[in-house]
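Just below is one structure, and these are the notes that go with it.
The values are calculated or read from the model by the stated rules, or taken from the named source; none is laboratory data. The model shown is predicted, which means the values in this text are computed figures rather than measured ones. Quick reminder, even Gly has a Cβ in these numbers, built from the backbone with ideal geometry, and neighbours come from all protein chains shown. The accessibility values were calculated without ligands, DNA or RNA, using every heavy atom of the protein model including side chains. Shrake-Rupley method; radii C 1.70, N 1.55, O 1.52, S 1.80 Å.
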Amino acid sequence: MERPNAWKTYNKIELKKLEAVAAEYKDFLDRGKTERECAQIAISALEKAGYVSLEKAIVAKKALKPGDKIYLNKMGKAVLTFMIGKNRLAEGMNIVGAHIDSPRLDLKQNPLYEDGDFALADTHYYGGIKKYQWVARELALHGVVVKKDGTTVQICIGEKDTDPVVGVSDLLIHLSQEQLGKKMSEAITGENLDIILGGKPLNGEEKEPVKAKLIRILKEEYGIEEEDLISAEIEAVPAGKARDFGLDRSMIMGYGHDDRVCAFAELKAVLDLKGIPAYTCCGMLVDKEEIGSVGATSMQSNYLENAVAEILDLQGAYSELNVRRALRNSRMLSCDVSAGFDPLYAGAYEKKNAAWLGRGVCFNKFTGSRGKSGSNDANAEYMAKLRRIMDENKVCWQTAELGKVDQGGGGTIAYICALYGMEVIDSGVAVLNMHAPMEIISKADLYEAVKAYKAFMMKA
């Protein structure tokens, strides 16, 4: 029952392909540190590959036929793709869905203040984090500022070698006796995750001169006023590039593997599809999973359902019944990462049902916490079908669950899609340090995920 290590199955040609995929992925991580950036990268690649905006297709009243490629841009934060198949859409789709948001620190709407001769910014952390991991490290600022006239200013500070970085301070060890006596969850509080942005006063300014200097910089270098931050979305994320990890370069360390490793694998599989599939292939890059899949760009929004309705209309086959049938008859891989087995913390895992780095793409029949609470529990029949597809296409795969039964747990978008009545299972890549500023994956698992998602879309 033990799954083989994928590295043992590769020849020189496959190893070269694997390294090429890893290089592409590192570039994707470096350029896509926010959901907006990931969506922009995806849309650019899709348009180069011949995908047409659904909105443009609707305006042109384009009659969709097998082989046509359509994408939907949802508010610049989520992207759906459709490659129209030979079979009627009402017979279902092969769907691969991942999320492109990751844990981070968000600047509040009224963030700037001065204290102790520092200019600082209030933040609100996004997603589940260990707060102590975000102090005393380099952070970069990514995001957008939208002015009242609709002008958008792109923000990316801290990624170039010549850029300054910012960060959250920590208490020196010499004065930390009280702090070190606290529980880890209490040693750093959410309201103390404020980012230091500057420390130089503006000459001639008596009231909050350091903040005044910062505001001057924002105006001169970016053309924005303090009030413009009310309509801004600025995220503080770890600065720097993804790197090969391990002396054998078998792994990648970087920010946002959860869940951009699955998003990249899905996007690459979509772009690599050849010919006309039997069933329509749908790719989903969604937002807000890390905070419960709430909001207009999340999986709980109805843009998948609406997009299916619009596509059916362009095919001259729209009816509410056909929309329901298309979703109900679909098959889906909910692509999200799994907890990689860590021998330093072996007590948190049940070893023979853990995800191991290097043993291929994971299938989590169920997620949730403790008594499978909040879980989609995939059918055995569906699991058997996936076993066949993976084995026939020589994909290295493994099964996994998220730690010991009473240890904790987590969720994905699978249970939301299952509400349509479709077959869904979680499938992803094993990650060490999940939700930390820097996470670790195996290059082999990334490579196998690309193979798995492509095989699923063409063969399911």
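Computed values, structure above
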| quantity | calculated |
| --- | --- |
| All aspartates and glutamates inside 12 Å of K404 as judged from Cα atoms, apart from same-chain residues fewer than 8 positions distant | E350 |
| Segment 1-67: GluC sites (Glu not before Pro) in DSSP coil with no more than 12 other Cβ atoms inside 10 Å | E2 |
| The chain - Kirkwood radius from inverse mean 1/r over Cα pairs (Å) | 23.3 |
| Per residue, in Å², the accessible surface of the chain once ligands and nucleic acids are set aside, probe 1.4 Å | 47 |
| Beta bridges per DSSP with both ends in the chain, % antiparallel, nearest 5 | 70 |
| Mean Cβ count within 10 Å, highest first, over the residues of peptides 380-393, 352-365 | 352-365, 380-393 |
| In segment 242-305, trypsin sites (Lys or Arg not before Pro) in a DSSP loop with at most 11 other beta-carbon atoms within 10 Å | K274 |
| Equivalent ellipsoid dimensions for segment 77-159 as semi-axes, Å, which come from the Cα gyration tensor, largest first | 39, 19, 11 |
| Relative contact order for segment 189-258, counting Cα pairs under 8 Å that sit 6 or more residues apart, in percent | 14 |
| Cα-centre dipole for the chain with unit charges at Cβ (Lys and Arg positive, Asp and Glu negative), debye to 20 | 2320 |
| Accessible area of segment 1-132 belonging to carbon and sulfur atoms, whole % at 1.4 Å probe | 53 |
| Debye intensity ratio in log₁₀ form over the Cα atoms of segment 238-313, taken at each q of 0.18, 0.24, 0.27 Å⁻¹ | -0.96, -1.18, -1.25 |
| Per-residue HN-Hα couplings for segment 398-408 [Karplus 6.51, -1.76, 1.60; θ = phi - 60°; Hz; x = Gly/Pro] | 8, 9, 7, 9, 8, x, 5, 4, 9, 7, x |
| Volume of the Cα convex hull of segment 350-402, divided per residue and given in Å³ | 79 |
| Relative contact order, percent, the chain [alpha-carbon distance under 8 Å, six or more residues apart] | 23 |
| Cα radius of gyration and Dmax for segment 408-460 (Å) | 13.8, 36 |
| Low-density loop positions, trypsin sites (Lys or Arg not before Pro), segment 1-98 - DSSP coil, at most 12 other Cβ in 10 Å | K61 |
| Peptides 180-186, 197-203 ordered by average Cβ neighbours within 10 Å, highest first | 197-203, 180-186 |
| Portion, in percent, of the accessible area of segment 178-318 that falls on carbon or sulfur, probe 1.4 Å | 49 |
| In segment 198-261, lysine pairs closer than 23 Å at Cα, eight or more apart or cross-chain | 5 |
| Local net charge near M184, Cβ-Cβ under 11 Å (Lys/Arg +1, Asp/Glu -1) | +3 |
| Per-selection Kirkwood Rh - segment 42-101 (Cα, Å, 1 d.p.) | 12.5 |
| Pairs from K17/K65; K48/K77; K268/K443; K69/K147; K86/K274 whose Cα-Cα separation, in the structure shown, is over 23 Å | K17/K65; K69/K147 |
